[in-house]
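Scroll down for the structure; my scribbles are underneath it.
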Amino acid sequence: MPAPPRPRSYRLLRPARTFCGGGGVVALALAVLALWAPALSAQPRLPAQVTAAAVYQQVLDDSALGDSSGLRQIAVPLVVLAPVARGVDLSLRAAYATSSRDGGESVGGFADAEVALSVRRPVAGGAVAVGLAATVPAGGGLTRAEAATAFLAAQDVYALAAPYPRRGPSVMPSVSVAVPAGPSVVVGGGVAYRLRTGFEPRADLDASFDPGDELALTAGVDVLLADGSTVAVDGHYVRFGTDTLGELEYTTGDTFGASAEWAGLVGGLPVRVLAAGRRKAGSDAAGAALTRLGQDAAVPTQARLVATLRARFGPALTADVSAGARYYAESNAFASRALADVRVAPAYRVSDRVAVVGRLGGTVGSFTAFEAGLGLSVGL
């Protein structure tokens, strides 16, 4: 029988997870890691881990795309995690992706990569983490037609693996702390600040784009219950600075979010149930400006509920089966959406250092979507 979960203090040492409104390289890395999480959790900690995958996703959304209802993406995300010393980790997150839509221009190439260094140290029975992440631009700006496709691919409601082909250079220091508040309670909090500089998302625009800086505050608590299950509650606030496009200045609205997750055993099988919500303040930017930039500044207020069960089929094969519902309020660019998702993520451990992981899923409701992926995780 699988061991019951325990409070995960290091889970609270990740303030950067709230950035980018669910998109960008950070969200891509988290999505990639989730794709083969069964394989990673089944292996002992290794000196380094390299994970790559091929992911295909297709969206059919008549309400947003009109007669040209098809939006597709083929992405090859890469995640490298390399401990360089005890408590010191170096990571690289990158991706190559091609997005296309019916009746529109395709956009493809390398997404901006992110390199991050984190240092964790025990302090007063808990832990403190200090991190520094840098976004490395991958290339030049987009054409007008490419920007229109990129804007659609960037909508987090579609949950594409590589939503942003260009995010521009940035540097993000962060500090977070997790400490025990009793024999079965861990509390934590953190702060991160992303310093962003100007770049040219459009190759055919005279004006450059200078995105505002971002400040994130996070807090959370993990509680171990008497039956061995855990409850984790998180909250975050992200403040976005003023964006500037030539002489046009606008704000995209701050974000407040909260989540609660229960994890335990049901019938001897590990089960997680997550409820999360996020409120996004309205943007005062014109929709045309956002489309021209190919940026997703129209992140809506949203809520989701998802349950995940992990089944084991022998010593080497597992499968995560999840079902959930999502709701997105009306934004300044799109109507409200109600969706239901079902996904299966099998993982086959070839050896202690190699795992093959797949992903198959679908979405129905306000639009329909399909995704399939196959990845390989190798310990070095």
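The values are calculated or read from the model by the stated rules, or taken from the named source; none is laboratory data. Owing to the predicted nature of the structure, the values given are computational and were not obtained by experimental measurement. So basically every Cβ, Gly included, is an ideal-geometry build from the backbone, and we count neighbours across all protein chains shown. The protein model used for the area step is the full one, side chains on, heavy atoms only, and it has no ligands, DNA or RNA in it. Shrake-Rupley method; radii C 1.70, N 1.55, O 1.52, S 1.80 Å.
Points worth noting:
- When the stretch 188-259 is described by a simple charge dipole with +1 on each Lys and Arg Cβ and -1 on each Asp and Glu Cβ, the residue from 223, 245, 197 located farthest towards its positive end is 223.
- Nonpolar atom fraction for the stretch 302-367, defined as the carbon and sulfur part of the 1.4 Å probe accessible area, stands at 64 percent.
- Length-normalised contact order of the stretch 207-269 in % [C-alpha pairs under 8 Å, at least 6 apart]: 35 percent
- Model label zone, residue 329; criterion: amide N under 13 Å from point 7 Å along Cα-to-beta-carbon; scope the stretch 348-380: none
- Extents of the stretch 101-229, taken as max minus min of Cα coordinates on every principal axis and listed largest first, are 59, 32, 20 Å.
- Take the stretch 144-238 with all the other protein chains still there, run a 1.4 Å probe, and you get 37 Å² of accessible area per residue.
- Portion, in percent, of the accessible area of the stretch 62-145 that falls on carbon or sulfur, probe 1.4 Å: 60 percent
- Quick note on the stretch 308-377: its Rg to Rh ratio, both from C-alpha atoms and Rh being the Kirkwood radius, is 1.15.
- Computed label-point distance, nm, for sites residue 340 and residue 242 using a 7 Å Cα→Cβ extension: 4.7 nm
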